[in-house]
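Inspection log for the structure reproduced underneath, given as structure tokens.
Here, each number is a calculation from the coordinates, and none is a lab measurement. Being a predicted model, the structure only gives us computed values, none of them experimental. Quick reminder, even Gly has a Cβ in these numbers, built from the backbone with ideal geometry, and neighbours come from all protein chains shown.
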Amino acid sequence: MQLMLYVLDLHLWRGFENICCLETLLGKQTRSKVALSNVPLKPGRSLMDWIRLTKSGKDLTGLKGRLIEVTEDELSKHNKKEDCWICIRGFVYNVTPYMEYHPGGEDELMKAAGTDGTDLFDQVHRWVNYESMLKECLVGRMAVKPIAAPKVLAEISSTVSEDKKQLNGVLPEKKVLASSSKDLSPSYDWFQTDSLIKIVIYTKQKDMNAELVIVDCQDKQLRGEIIMDDHSYLVEVDLDHAVSEDVAVNIAEKVGKVEIILNKKDNIHWKMLGQPREGHNTFIKRTDRGLFFRKCKLVSKTEVTHDTKLFCLMLPKGTHLCVPTGQHVYLKQIIAGTEVVKPYTPVLPFLPLDFQEPPRHDSVHMYLMIKIYSHGLFTQALDYLQIGDYISVSNPEGNFKKSQVQTSEDLLLLAGGTGFTPMVKLLNFALTEVSCLRTVKLIFFNKTEDDILWRSQLEQLALKDERFEVQFILSQPSKDWVGKQGKISSCLLSEFVKRSRRDSKVLICICGPAPFTEQGVQYLKDLGYSQEEIHAFTA
Ligand code: FAD
Ligand code: NAP
């Protein structure tokens, strides 16, 4: 299993540590609670301090490095703060030494004390870094229970609960569709000429498009993933022979046929496509699929404001990846010997002003607008990257659907600071491709004038397109600021968030620091907007 440190940044602990925490793993209800409960950490209890402690050689499990098999009975005995074990995905951790480093507080961790926290963890975010974060706290694995008297297959699957499967196994089994639904599941075939290998995936789904196809071909390894709603189909093989770096992807959108075309390095006849890898030919829930990273080269880094930069990354030649509007990727870096993963939302290189034609897709570069925090663990490391350095970038994630915009007449975007990033592609998509939209309004909250991202581009856009309006609101303006000032509030929102007609269909998207987003959603609801009319960008 990949060791990974995911630092889920909810910006909840302003003035406190803002670091990865198990409570963000332990259930949605837990997360919203944490978002509102600022638990100050004692000095010397930052993520960096925790990493240092884990590298100190101190025995954090009390088992002197021994790994043991843990029974359910044994696990349940370790349910106190001073002796707290938690099981995640079949692995048991002694989290007592971590308690003081946990930004959500001890009580949140204690909710899973002596039990299996896997389900709660999965509900919030499956990429959170418990394996890396807690690797020195690993007590061992759950003991596999002896198998009882044999049962017929149907009986087994209906009687063994999900909980038990997770407790005894490392991972819930990846589910390939049952044979009855096999006809609906995708399939693949492959063909060759003297110079080419063509892998054809029959998705059996209409409206296939480039954003739903992610291909990586490097070092004789081919990985082709097709996203189909909340499922993913994967072709994953160690190729039989070498191919050149460049890969072509053709999509027959209407019939849902995807072709991956590889160029043979040598003109020899292949007897087979290659050796299947673990996930090959599986059609499973996206949430059960491991996050895949590829190394991208930093090709430029330009200043956007005094603390925010636009990073341009180049995807490898063998990668086909287009991040859908409203989705984010994860970046991964090794910091102090630990893998750290954080989410970022790709933007465009600039705001196109000419909306006559949809922008031509650049499948080679990915642009990220990133604020560098003076004490930020990840962004400081990012800022150290030199042109030509590599950084790992994941597949996209996120639950925003373009169709939400396609049926709207008024689009209102509420952004706080870098919460502007998902609005960039959204704005472009809305003004370019959604003909039913009458008004598009961005209400952009920042501390000071200097913090406003792409201000002049936004102002130019507002001049150019009469459907678009931008309103800047500053929370800490200088005395020269003549514009609007204040923080997100019911009063401010009632002034700026309005339907263009009494019954017009509206979509309000909101993104910013977690408390900003949470409060904003509440104010919008108080103003009478329904859940369906609001989309909040979160992790
Ligand atoms: P952290 O180390 O987490 O610190 C964050 C803040 O806390 C900083 O102000 C830091 O100075 C302060 N801090 C840290 N330690 C202390 C301490 N001991 N005492 C007081 N203050 C402290 N960000 C972008 O810039 N662009 C994006 O496109 C983007 N997209 C995102 C998409 C999603 C879905 C999410 C959830 C977040 C996104 N973020 C984005 C935020 C990003 O993931 C990181 O959280 C952000 O870059 C900060 O990371 P960091 O490790 O540098 O900062
Ligand atoms: P910032 O500069 O600190 O703040 C931007 C604006 O939001 C300021 O006006 C600020 O006012 C206000 N604000 C901050 N905290 C607030 C709070 N608790 N309640 C009400 N208003 C608040 O913002 P930033 O540093 O750029 O941070 C952007 C945030 O967006 C990060 O937390 C990042 O994780 C998040 N983000 C999320 C996504 C996503 O898809 N989920 C994408 C990109 C960014 P004051 O501070 O003056 O009160």
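Hey, what did region 474-539 get for relative contact order, percent, Cα under 8 Å, at least 6 apart?
Relative contact order comes out at 32 percent.
Can you give me the relative contact order of region 380-539 as a percent, contacts being Cα pairs under 8 Å and 6 or more apart?
It comes to 26 percent, rounded to a whole number.
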>> Quick check: Cα centre of region 265-324 to Cα centre of region 456-530, how many Å?
In response: 36 Å
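Compute the length gained on full extension between Lys402 and Asn79: take 0.36 nm times their separation in residues and subtract their Cα-Cα distance, giving the result in nm to one decimal.
Details: separation 323, 0.36 × 323 = 116.28 nm, distance 4.52 nm.
Full extension of this stretch gives 111.8 nm more.
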> By how many nm would the segment from Asp246 to Asn281 grow when fully extended, if each residue of separation counts as 0.36 nm and the alpha-carbon distance is taken off?
Replying inline: 10.3 nm
> Between Lys55 and Ser489, what is the spin-label point distance in nm, taking each point 7 Å from the Cα along the Cα→C-beta axis?
Replying inline: 4.6 nm
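As an exercise, use a Förster radius of 35 Å and the Cβ-Cβ distance of Lys254 and Asp526 to find the FRET efficiency, rounded to the nearest 0.05.
Details: r = 45 Å, r/R0 = 1.28.
So, using R0 = 35 Å, E works out to roughly 0.20.
Tell me, what is the FRET efficiency for Lys220 and Ser478 to the nearest 0.05, using R0 = 41 angstrom and their Cβ-Cβ distance as r? Intermediate values should be presented prior to the final figure.
Details: r = 58 Å, r/R0 = 1.42.
Calculated transfer efficiency: 0.10.
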> Between their Cα atoms, which of Lys55/Lys285; Lys295/Lys371; Lys204/Lys342 are more than 28 Å away from each other?
Replying inline: Lys55/Lys285; Lys204/Lys342
> Computed FRET efficiency, Cβ-Cβ of Asp450 and Lys505, R0 30 Å: what is it to the nearest 0.05?
Replying inline: 0.25
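Gln460 to Asp207: extension gain in nm, 0.36 nm per residue of separation minus the Cα-Cα distance? The partial results should precede the final answer.
Details: separation 253, 0.36 × 253 = 91.08 nm, distance 3.45 nm.
Net length gain for the segment: 87.6 nm.
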> With labels modelled as points extended 7 Å from the Cα through the Cβ direction, what inter-label distance (nm, one decimal) is found for Ala336 paired with Asp383?
Replying inline: 1.8 nm
> Cross-link partners among aspartates and glutamates for Lys301, C-alpha distance below 15 Å, same-chain residues fewer than 8 apart left out?
Replying inline: Asp383, Asp389
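Specify whether the C-alpha gyration tensor of region 347-482 places it in the rounded, prolate or oblate class, a ≥ b ≥ c being the square roots of the eigenvalues: rounded for a/c under 1.5, otherwise prolate if a/b is larger than b/c and oblate if not. Intermediate values should be presented prior to the final figure.
Numbers: a/c = 1.92, a/b = 1.17, b/c = 1.63.
Because a/c hits 1.5 or more and a/b fails to exceed b/c, region 347-482 counts as oblate.
Taking 23 Å as the cut-off for C-alpha to C-alpha distance, list the pairs among Lys81/Lys135; Lys42/Lys81; Lys309/Lys401 that go past it.
Numbers: Lys81/Lys135 19 Å; Lys42/Lys81 17 Å; Lys309/Lys401 27 Å.
Lys309/Lys401, as the Cα separations exceed 23 Å there.
Counting other C-beta atoms within 10 Å, and keeping those with at most 15, which DSSP coil chymotrypsin sites (Phe, Trp or Tyr not before Pro) do you find in region 236-331? Each step should come with its number before you reach the end.
Numbers: sites: Trp270, Phe283, Phe292, Phe293, Phe311, Tyr330; in loops: Trp270, Phe292.
Hits after loop and neighbour filter: Trp270.
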